[in-house]
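Trainee: Quick one: this structure, given as structure tokens, is what I'll be asking you about.
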């Protein structure tokens, strides 16, 4: 595991809206919207190499932590199994200097 950070991103919209917008050559409605698709970029994070033993249970916990970070970027109606953000822990992720967990954006 290196020191490279992953950047979480989430979106709301359908591929059909994006494709229809491209085919009709419509201009985006705003800087945050491209033909009905709204996107957001989350805070950069990486795995904590000291905490990752990578047995099956730990891999699932890491996956859950990452999925909750992604869910925090989406509207509540689209979070599915990860809708209860209070259930997550943050033991295996390290955030880039000067940034905070995406969970803070969702105000849990």
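Any read-out appearing in this document is the output of simple, stated calculations on the displayed coordinates, not a laboratory observation. As the structure is a prediction and not an experimental result, all values here were calculated from the model. Note that each Cβ is placed from the backbone with ideal geometry, even for glycine, and that neighbours are counted across all protein chains shown.
Trainee: By the gyration tensor of its Cα atoms, with a ≥ b ≥ c the square roots of the eigenvalues, what is the shape of region 41-104: rounded for a/c under 1.5, prolate for a/b over b/c, or oblate?
Mentor: On the way: a/c = 2.54, a/b = 1.25, b/c = 2.04.
It is oblate, given that a/c is not under 1.5 and a/b is not larger than b/c.
Trainee: How would you rank 76-88, 94-106, highest first, on the average number of other Cβ atoms within 10 Å across their residues? Write out the running numbers ahead of the final one.
Mentor: Working: 76-88: 12.7, 94-106: 14.4.
Highest-to-lowest ranking by the protection proxy: 94-106, 76-88.
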